1. Of the conditions (1) within 21 Å of the chain's Cα centre (by Cα); (2) of a type in the set (D, E); (3) under 23 Å from H138 (Cα atoms), E230 clears all except one; give me its number.
2. Scan the stretch 24-58 residue by residue and report those that are touching a helix residue (DSSP H, G or I) at 6+ places or on another chain (Cβ under 6 Å), free of Cβ contacts under 8 Å to residues at least 60 places away in the same chain and assigned to a strand (DSSP E or B).
3. Which count do you get for residues in the stretch 167-195 that are surrounded by 15 or more Cβ atoms within 10 Å (Cβ to Cβ), of a type in the set (D, E, K, R) and assigned to a helix (DSSP H, G or I)?
4. Report, by residue number, each residue of the stretch 127-161 that is of a type in the set (G, A, S) and within 17 Å of P270 (Cβ to Cβ).
5. Have a look at V133, V112 and point out the one that is crowded, with 22+ Cβ neighbours inside 10 Å and β-branched (V, I, T).
6. What are the pairs, 6+ residues apart or on separate chains, where a residue within the stretch 303-317 that is part of a helix (DSSP H, G or I) has its Cβ under 6 Å from a residue that is among the acidic types (D, E)?
7. Tally up the residues in the stretch 261-282 that are out of contact with any Lys or Arg (no Cβ under 8 Å at 6 or more places or on another chain) and not in a helix (DSSP H, G or I), please.
8. Would you check which residues across the stretch 83-131 are among the hydroxyl-bearing types (S, T, Y), part of a strand (DSSP E or B) and at pLDDT 95 or above and list them?
Amino acid sequence: MTEFDVNTLTTRATAAADRRWPGAAISAPSALPGGVSSLTYRAVLSRPGLPDAGIVLKMAPPGLEPVRNRDVLRQARIIRLLGAAPGVRVPAILFEESGTPERPPFFGMTLVDGQSYEPLLDEAGSPPSADTVAVRAHGAAGMLARMQNLDPVALGVGNEPVVPIAEELARWQRLLDTVDDDIAPRHAELHAALADRIPAPVAPTLLHGDYRLANMLFAGEDLTAIIDWEIWSVGDPRTDLAWLLMHTDPVHRFRRSRSAADVAAGTGMPSRGELLAAYSAERDGPIADLDWFLAYCHYKTASTISVFVKRNRRRPDPDPALIVAADSLAEVVERGLTALGAPVAPQA
């Protein structure tokens, strides 16, 4: 966005805030790092008689139709619904505006303090201790179970289409079909193995779509908010569970090395079995075919990273993080095959 665009957003946000709190104003916007599906800013909300408060503004990208992961008002909807659910921690929606084709929609929400950190992948200036990581991960597993215990109809998302897992698998196959064969070796074998044994469906639940510690905010050990709801849906609960469990031992990477403090933090990440136990303590019933879903998550990881690697190869100044990621893709696919019990290629 240009400076003019930022000023326009500030003016529109001030008008939206003023409708809720007459005399309110929005000031000091600054861009926040994050996803590519929307524009995100930190700003200050001033209201008569109340202390200033930090807020977050999320706006759909100008010039693009606000659909799918760019549908910021859809994100605001699920955050608002979850905010009314007992025990679920999300930011509070403050205001929103539907916009026009020339004025993209946006919403404002509370700025929640906390650290976003993936213990086995990220780097931080002040990484948490290993003990803190363990508590965070157990809390995330329990929170996932509590969200999945919510009935979609009672939550208010019963009208959402449920996409069968076979269609999701086909979606990632279509992406992988657009990349060169050397980017993710043996991905076709992994797809064939997955497609050959698609599990029977279970009752659908709310899905975050990228449920892992990096998409949460923690104050010390306490989970303060689940964030980044761009790709939420209703579907098979095992996809979110397996995604969280995959991050107890991820094989994809974006750095060749990490600081000693970050490595030490990662040692606190619980095992897959420990997190599964924490999840099961909050959610009754057997979890069938979890190995299939773990393999599926590795296939999805290979698919999403492969597309970024493909684009990175075309850049005059390739992103070093994606060069590292490219080197890990063969191992990602192999891990998926291993989860399904398929033969693994010998090491070169």
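1. Just one mismatch for E230, condition (3).
2. A25, P29, L57, K58
3. 2
4. From the stretch 127-161, those of a type in the set (G, A, S) are 129-130, 134, 137, 139-142, 145, 154, 156, 158; that's our starting set.
Within the stretch 127-161, S129, A130, A134, A137, G139, A140, A141, G142, A145 qualify.
5. Details: V112 fails: crowded, with 22+ Cβ neighbours inside 10 Å.
Of V133, V112, the one residue that is crowded, with 22+ Cβ neighbours inside 10 Å and β-branched (V, I, T) is V133.
6. N312/D319
7. The total comes to 6.
8. Correct list: T110 only.
The values are calculated or read from the model by the stated rules, or taken from the named source; none is laboratory data. Since the structure is predicted, the reported quantities are computational estimates derived from the model, not experimental observations. For neighbour counting, all protein chains shown are included, and Cβ atoms are generated from backbone atoms with ideal geometry for every residue, glycine included.
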